[in-house]
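Engineer: One structure, pasted below without further comment.
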Amino acid sequence: MSQPQSDTTVDIKTSIKQFIIDNFFFGSMSESFEDGDSFLENGIIDSTGILELIEFIENHFNIKAENDELIPENLDSLNKVTQYVQRKMNN
């Protein structure tokens with residue numbers, strides 16, 4: 001059974017998903033993706049797009065992504081990015 005999501009988690013996830021839709025799908029929901037879909041494997045975001053995503057989360061959530069944190073385990077799906085941002089904000 002999964003844990004209920006907090007309002008903060010939903011807000012973080014919603015902000016990140018909206019950024020991805022606006023910047024990589026150009027605001028169109030005709031191309032959709034699941035929260036756990038790999039950005040790179042599914043062609044949702046390419047390597048340059050990951051850099052844009054990092055810049056967004058640093059600015060929007062006021063966190064600093066360290067070089068050793070820029071790995072697929074932190075950045076390759078909406079769920080992973082949300083969890084990463086939550087960890088960074090709680091430190």
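Engineer: Does Ser77 meet the test of being hydroxyl-bearing (Ser, Thr, Tyr) and out of contact with any Phe, Trp or Tyr (no Cβ under 8 Å at 6 or more places or on another chain)? Before you say what the answer is, go through the steps one by one.
Structural biologist: On the way: hydroxyl-bearing (Ser, Thr, Tyr): yes; out of contact with any Phe, Trp or Tyr (no Cβ under 8 Å at 6 or more places or on another chain): no.
Considered against the rule, which asks whether it is hydroxyl-bearing (Ser, Thr, Tyr) and out of contact with any Phe, Trp or Tyr (no Cβ under 8 Å at 6 or more places or on another chain), Ser77 comes out as no.
Engineer: Restricting to the range 9-54, name every residue that is among the hydroxyl-bearing types (Ser, Thr, Tyr) and modelled with pLDDT of 85 or more.
Structural biologist: Answer for the range 9-54, where residues must be among the hydroxyl-bearing types (Ser, Thr, Tyr) and modelled with pLDDT of 85 or more: Thr14, Ser15, Ser38, Ser47, Thr48.
Engineer: Right, next: Hey, among the residues in the range 57-67 that are outside any helix (DSSP H, G or I) and of a type in the set (D, E, K, R), which one's farthest from Phe26 (Cα to Cα)?
Structural biologist: For the range 57-67, the residue satisfying everything is Glu66.
Engineer: Still on this structure: Output the number of residues of the range 58-91 satisfying the condition of being out of contact with any helix residue (DSSP H, G or I) (no Cβ under 7 Å at 6 or more places or on another chain), within 14 Å of Thr8 (Cβ to Cβ) and at pLDDT below 95.
Structural biologist: Count: 1.
Engineer: Continuing with the same structure: Under the condition of being free of Cβ contacts under 8 Å to residues at least 12 places away in the same chain and surrounded by 13 or more Cβ atoms within 10 Å (Cβ to Cβ), which residue from the range 57-74 is farthest from Leu40 (Cα to Cα)?
Structural biologist: Glu58
Results for (1) surrounded by 16 or more Cβ atoms within 10 Å (Cβ to Cβ); (2) assigned to a helix (DSSP H, G or I), shown as yes or no for each residue.
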{"residue": "Ile21", "(1), (2)": "yes, yes"}
{"residue": "Ser28", "(1), (2)": "no, no"}
{"residue": "Ser32", "(1), (2)": "no, no"}
{"residue": "Asn42", "(1), (2)": "no, no"}
{"residue": "Glu55", "(1), (2)": "no, yes"}
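Engineer: Please state which one of Ser47, Ser38, Ser15, Ser77 is over 13 Å from the mean Cα position of the chain (by Cα) and without any contact (Cβ under 8 Å) to a residue 60 or more places away in the chain. Reasoning before the result, please.
Structural biologist: On the way: Ser38 fails: over 13 Å from the mean Cα position of the chain (by Cα); Ser15 fails: over 13 Å from the mean Cα position of the chain (by Cα); Ser77 fails: over 13 Å from the mean Cα position of the chain (by Cα).
Going through Ser47, Ser38, Ser15, Ser77 in turn, the sole match is Ser47.
The values are calculated or read from the model by the stated rules, or taken from the named source; none is laboratory data. All values derive from a computational prediction rather than experimental measurement. No Cβ is skipped: glycine too gets one built from the backbone with ideal geometry, and neighbour counts run over all protein chains shown.
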